[in-house]
Amino acid sequence: MPVVLGLVLATVGRSGTAHAQAGSAPVLLAQAQCTPTDSTVSCCVKTHPLAPERCGATKREVEEILFAAKVAAELARNDLPEWKQDCIETYVQCKEDHWTGSCYDCFRSCEGQQGEWPRDKCRRRGGGG
């Protein structure tokens, strides 16, 4: 969990904010500094959140980078519902441990189901859940 959580928390800056788009949903993106753990693409997207196409990133890569920033912003909230916190924590485990399936898609499903992680689509490798 420390690597993904570190990536997520690294996306939260101390200064103001900028708005960016991930798919069709607006995402509040903190002006984040690039860190040594950032790839060239993720650093570029952080630097140019309003024009991620300049970074040569795929739409999916942009969505996941901006999603990490959204997760970080939500983790900072103290009024986050318990079910949503559970979805976020499971998403972090999924990314950190390289579970089968798309962690991003499974988080979205969990969010839509208010806390029900789709273990049939995203689970630990080897079949554990």
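The values are calculated or read from the model by the stated rules, or taken from the named source; none is laboratory data. Note that the structure is predicted; figures quoted are calculated from it, not measured. Cβ placement follows ideal geometry from the backbone for every residue including glycine, while neighbour counts extend to all protein chains displayed. The accessibility values were calculated without ligands, DNA or RNA, using every heavy atom of the protein model including side chains. Shrake-Rupley method; radii C 1.70, N 1.55, O 1.52, S 1.80 Å.
Considered as a group, the residues in region 58-78 that are open to solvent by 20 Å² or more (accessible area, probe 1.4 Å) and more than 19 Å from residue 110 (Cβ to Cβ) include one that is modelled with the lowest pLDDT, and that residue is 76. Within region 59-83, being farther than 17 Å from residue 112 by Cα, of a type in the set (A, V, I, L, M) and under 12 Å from the mean Cα position of the chain (by Cα) holds for 62, 65, 66, 68, 69, 72, 73, 75. Select from region 101-117 the residues that are of a type outside the set (Ser, Thr, Tyr) and farther than 15 Å from residue 89 by Cβ and write down the one among them that is most open to solvent (accessible area, probe 1.4 Å). Across region 101-117, the extreme among qualifying residues is 113. Of the residues making up region 21-43, those that are at pLDDT 80 or above and surrounded by 14 or more Cβ atoms within 10 Å (Cβ to Cβ) number 3. Among the residues of region 44-57, write down those that are within 13 Å of residue 69 (Cβ to Cβ), open to solvent by less than 40 Å² (accessible area, probe 1.4 Å) and either of a type outside the set (D, E, K, R) or without any contact (Cβ under 8 Å) to a residue 12 or more places away in the chain (or both). The answer is 45, 49, 52.
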